[in-house]
Amino acid sequence: MKFTEDHEWLDADGDIVTVGITEYAAKELGDVVFVELPEEGTMVTKGDEIVVIESVKAASDISAPMDGEIVEVNADLPDKPALVNDDPLAAWFFRMRVDDPAVLDDFMDEDAYQAHIA
C-alpha cells in the first residue's frame, strides 16, 4: 500500500489501483455526510479533482493521484457516506487503470506516511 501527501491510500493490483482516504483524513474531516464520485470510464489526469467529500466540518476533494481511467466506483458511498468514518480502508472511493504502474514508486510507504502525519 502507498500513500499520498493529501492523505489518500493507494492499493495496487497490477495496473488497477484502488483509492481511498486514510484514517487520519477521515478523522480530520469529521462525520462524512456526502460523497460525489466520478463516472466509470472517465479518463483522468494526475491532479484532476474527481471526488467531492462533504463533512460536518468541511468540504474536500480527492484528486487523481496519477493518469488513467476510472474503471469502478464504490456504489455504496453516495447512499452511505458514513462508511468512510466507519472503516476508511474498506470504504474505497474508486478503482482506476493506471497508464504507468511504475509511478506508484513515487508515493510514500507506510513508514514515510506515518512520519508525514506525525
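The values are calculated or read from the model by the stated rules, or taken from the named source; none is laboratory data. Everything quoted here is computed from the prediction, not taken from an experiment. Don't worry about glycine lacking a Cβ; one is built from the backbone with ideal geometry, like all the others, and counts go over all protein chains shown.
Taking the conditions (1) over 20 Å from Asp31 (Cα atoms); (2) touching a Phe, Trp or Tyr at 6+ places or on another chain (Cβ under 6 Å) in turn, Gly47 satisfies each one other than (2). Assessment of the stretch 16-37 against the conditions (over 11 Å from the mean Cα position of the chain (by Cα), assigned to a loop (DSSP other than H, G, I, E, B) and surrounded by 15 or more Cβ atoms within 10 Å (Cβ to Cβ)) yields no matching residue. Of the residues screened, Val71 is not one that is free of Cβ contacts under 8 Å to residues at least 40 places away in the same chain, among the hydrophobic types (A, V, I, L, M, F, W, C) and part of a strand (DSSP E or B).
Table: residues versus (1) of a type in the set (A, V, I, L, M, F, W, C); (2) out of contact with any helix residue (DSSP H, G or I) (no Cβ under 9 Å at 6 or more places or on another chain); (3) farther than 19 Å from Glu110 by Cα.
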site	(1), (2), (3)
Glu8	no, no, no
Asp15	no, no, yes
Thr22	no, no, no
Ile62	yes, yes, yes
Pro65	no, no, no
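Counting only residues that are in contact with a Ser or Thr (Cβ under 9 Å, 6 or more places away or on another chain), not hydrophobic (A, V, I, L, M, F, W, C) and not in a strand (DSSP E or B), the stretch 87-118 holds 2 of them. Of the candidates Val56, Val71, Val33, Val52, the single residue that is at pLDDT below 95 and among the β-branched types (Val, Ile, Thr) is Val56.
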